[in-house]
1. Arranged from highest to lowest average of other beta-carbon atoms within 10 Å per residue, in what order do the peptides 13-25, 83-95 appear?
2. Any idea what the dipole of segment 1-142 comes to, in debye rounded to 20, about its Cα centre with Lys/Arg Cβ at +1 and Asp/Glu Cβ at -1?
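Just so it is clear, none of the values below were taken in a lab; they were calculated from the coordinates. Just so you know, these numbers come straight off a predicted model, no measurement behind them. Because the Cβ atoms are built from the backbone with ideal geometry, glycine has one as well, and the counts that use them run over all protein chains shown.
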Amino acid sequence: MLLPVAMRLVTCLEHLLGRGSNGTNDLLILSTLDLIQGALLLHPPSRTLFAREIYMNILLDLLDPINCPAIQSATLLTLVTALLDHPANTRTFEELDGLLTVTSLFKQRATSREVKLKLVEFLYFYLMPETPMIPAGAGASATNAAAIGLQRSPTKLGGPRPRSANGPGAHHGGRGNRDTRTTDEKQALLGRYLNNVEDLVEDLKETAPFGATVY
């Protein structure tokens, strides 16, 4: 029953995104993001929506530097909820230049300190090794994280860009691009956009912030 709810909320979010930025609309976007997070946590199968480019692009569009820090932070938490235990969604995120989006936002001087902290948290989350998707009906744990942002072509200006077979989201090491990835594989992808990724990985190995072994 909650899958249609999540879909309606994402459709509403897309409509709000097209209305531009103003105080009232920003509050509506924040409320909708909170509701989407709740729907995805209560009904993990609804996360499969974000394996589709059209829905993942909506979240990436909200990481545009023109949006306020509150929206950027809330979007990062929603993105974590959407990726949690769903490697196929992470592959879609990569294919749509999500790593470029988050690292670009992180590098911009205008990005607030709070958002940058959440972006680093998101990167820690992203670098965790993956396991196959949990079957429908299985529970999922909530995780706080954040993201790094970079500039990309927003869907509201013309839809997803054509993907290159040799791009960041293409087959990695001869493997299908819907497979799970290890931390080392994701470190290599992230290293295309960000320096010193190995420091993040070492810190992740030492602190294990999400309670899992990094390999």
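1. 83-95, 13-25
2. Details: 10 positive and 13 negative charges, 42 e Å.
Dipole of segment 1-142, to the nearest 20 debye: 200 debye.
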